[in-house]
1. Give me, ordered by chain and number, the residues 5 or more places off residue 323 or on other chains with an amide H under 5 Å from its own placed amide H.
2. Under Stokes-Einstein, with the Kirkwood radius over Cα pairs standing in for Rh, what whole-number D in µm²/s applies to segment 16-99 at 4 °C and 1.567 mPa s?
3. Using the Cα gyration tensor of segment 195-248, with a ≥ b ≥ c the square roots of its eigenvalues, what is the shape: rounded (a/c below 1.5), prolate (a/b larger than b/c) or oblate (neither)?
4. Can you list the aspartates and glutamates whose alpha carbon sits under 18 Å from that of residue 112, skipping same-chain ones fewer than 8 residues off?
5. For the chain, what is the mean residue ellipticity at 222 nm derived from helices alone (per DSSP H run of n ≥ 4: -39500 (n - 2.57); sum divided by total residues; nearest 500 deg cm²/dmol)?
6. Give me the dipole magnitude in Debye, nearest 20, for the chain about the Cα centre, with unit charges on the beta carbon: positive for Lys and Arg, negative for Asp and Glu.
7. Would you please give the residues with an amide H less than 5 Å from that of residue 36, counting only those at least 5 places away or on a separate chain, with H modeled from the backbone geometry?
8. List 84, 45, 187, 13 from most exposed to least, where exposure is judged by having the fewest other Cβ atoms within 10 Å.
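Every number in this text was worked out from the coordinates using simple rules, so none of it is lab data. Just so we're clear, the structure is a prediction, and the values are computed from it rather than from any experiment. Cβ placement follows ideal geometry from the backbone for every residue including glycine, while neighbour counts extend to all protein chains displayed.
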Amino acid sequence: MNANARRIAHLDMDAFYASVELLRYPELRGRAVVIGGRSVHQPVMRDDGTREFSVLRDYVGRGVITTSTYEARALGVFSAMGMMKAAQLAPDAVLLPVDFDSYRHYSRLFKKAVASIAPLVEDRGIDEIYIDLSEHEEETRALATRIKTAVNEATGLSCSIGVAPNKLLAKICSDLEKPDGLTILTMADVPTRIWPLPARKINGIGPKAAEKLTALGILTIGDLARTDAGVLQDHFGRSYSAWLGNVAQGIDERPVSTSSEPKSISRETTFEHDLHARHDRDKLLGIFTALCTRVSEDLHRKGYVGRTIGIKLRYADFSTVTRDVTLPASVNDPAAIRRAAGECLRRVPLEQRIRLLGVRVGALSKNDGTPEREDFSQGELGFE
């Protein structure tokens, strides 16, 4: 199929968690609001019928922002930022607790509304999807506008849509006119609309790759498109350099996949206070065991087993390390997961204090039987 014959849309809900909260608390519209607090930050109803909200200046702890309104983002407050740092930038920003049940409810509503118009949908998370519009006869802008209207009528929320010949370009252009945007792109538009953008705008160019590109003087997607293939291969290897060369030209042949098979299942937790692997060993053991158990329960509930077991640690200085191990056979029982994760822990430095701990199971396959659950043994962990 000719590239321009494909019409792939990327739909991204605008500041999704925060927007759901604004439906509940409309008096906060236009204000800087951050999501990520605990239950103690629930608004309190006053005697006069108005609500009293928590603000960032009063926050004490080690929490991280889940998301923020556009007004908060204008002050430099973004997701994954530490609450205490955000409080310095926006002390008067309202702080609300997360409510994932509500977010999942609105996620189901907007996806159902889209599927009623265009059923070829690839689910990419709670707030974004790809949609294949190639077989629809309706004109692109009218069709995309109809989808946006359906989402708004079903949820009361706005979304931004990018429509392009492939998933790569659709995801980039859905972000160009946020919020409530609609951007339509053809391959002919790549030099004028895509090449001036920073190279990190390409999904798949992470912080380390972006840093290396910057060191080479490659700042924009256009710079990347004009870079000699040999130079890229010298610095990034054959496979990744070939991918960089293609995406810089706007080339992406990936189909919209309507199956929803997960690639991995994970659980992680951020501590209220940093913990030390030795001084807080017993507490970390309990948390580690609980994470392995919850991942195991998720695997059982969804009917999967996995071969690759991994851990994630974030230290007090916000640096992050990951380790994983691939087992000879797939597992889903907590003891096997914990043993393998413990092996991974023994391969990471544990001198620093830890602020986040996570456990992941990847290389998933459908479970064709239920392995026996094994007893835990405290000596199998790396916190010693």
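1. Here the answer is 311, since their amide H atoms fall under 5 Å of that of residue 323.
2. Details: Rh = 12.5 Å.
Calculated translational D: 104 µm²/s.
3. On the way: a/c = 1.35, a/b = 1.26, b/c = 1.07.
Rounded, because the longest to shortest axis ratio a/c is under 1.5.
4. Correct list for residue 112: 12, 14, 101, 122, 123, 127, 128, 132, 153.
5. Numbers: 12 runs with 128 residues, N = 384.
Computed mean residue ellipticity for the chain: -10000 deg cm²/dmol.
6. On the way: 52 positive and 51 negative charges, 114 e Å.
The dipole magnitude comes to about 540 debye.
7. Residues meeting the criterion, in which the H sits 1.01 Å from N, are 66, 96, 98.
8. Listing 84, 45, 187, 13 from fewest to most nearby Cβ atoms yields 45, 84, 187, 13.
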